[in-house]
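Presented below is the structure to which this report refers.
Every number here is computed from the coordinates shown, using simple stated rules; none is lab data. As the structure is a prediction and not an experimental result, all values here were calculated from the model. Counting neighbours? That spans all protein chains shown, and the Cβs are built from the backbone with ideal geometry, glycine included.
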Amino acid sequence: MVTNNQSIKTVHLFVTSLGNHFMIEIAEIFHEGFKNNGVESQIKVDQRPSTHPEPGLIQIVIAPHEFFNLFLEQNLNSREKLNDFAKAVYLLNTEQPGTPWFEMTCHRAKFSLGVLDIAKNTALEYRQRGIMAVHAPLGYASCFEAGVDPHLLPDRNFELLFLGSISAKRDLFISQHAALFNRYQSKIVITRVKKPRFSHTAGFLPIKNGIVYFVQAKS
């Protein structure tokens, strides 16, 4: 894992359009973060990393369970192997332990330069498995305010707000507490993630729209 930021000149963020569009939004968050800290950054959509990056270039694959399986594996020649690329990149994980997507990433991470994880506990899980990992939480990105006029935002009408993916545990909790939610002005947005959700998928919620919901929430 790189520890001396003076050795980092450029960061390339690799992501695929064949996976969830949210991963491209995550790439945009990190892209802005690197730029704000004086590091040149580029987002590479549906492009192959170099197996021999030049000095000073850091390559980070966003959502490796999508990038390697949906894009890169389909774009190799007969002499190339996925792990040859894994050895030259860092992986940015977004999946939680206990899911098949996490295990896919964990397998690939054993060959990588290291892992960045948006969740602190998941980064710890990687380290417990002997894989170098650091916590890299999502930060603020002004790019998601584009086109949003703060003077035209609606009032704070929501007393309870939940945005997330569906699961048996969440479905049970919400159904058991329906009476509670009905007592308040509630906004519940639940998505199914059995397959990738693109920007044009019905019901897809871009981050900037989610921000509007947050602004409408009272707390």
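Observations on the model:
- Proxy reagent accessibility, fewest Cβ within 10 Å first, across 89, 189: 189, 89
- In this structure the amide hydrogen of residue 114, modeled in the peptide plane, comes within under 5 Å of the amide hydrogens of 91, none closer than 5 places in sequence on its chain.
- Cross-link pairs 81/120; 9/44; 120/169 - those with Cα-Cα distance over 24 Å: 81/120
- The H on the amide N of residue 161, modeled in the peptide plane, is under 5 Å from the matching H of 187, each at least 5 residues off or on a different chain.
- For the range 30-66, GluC sites (Glu not before Pro) are listed when DSSP marks them as loop and at most 10 other Cβ atoms sit within 10 Å of their Cβ; the list is empty.
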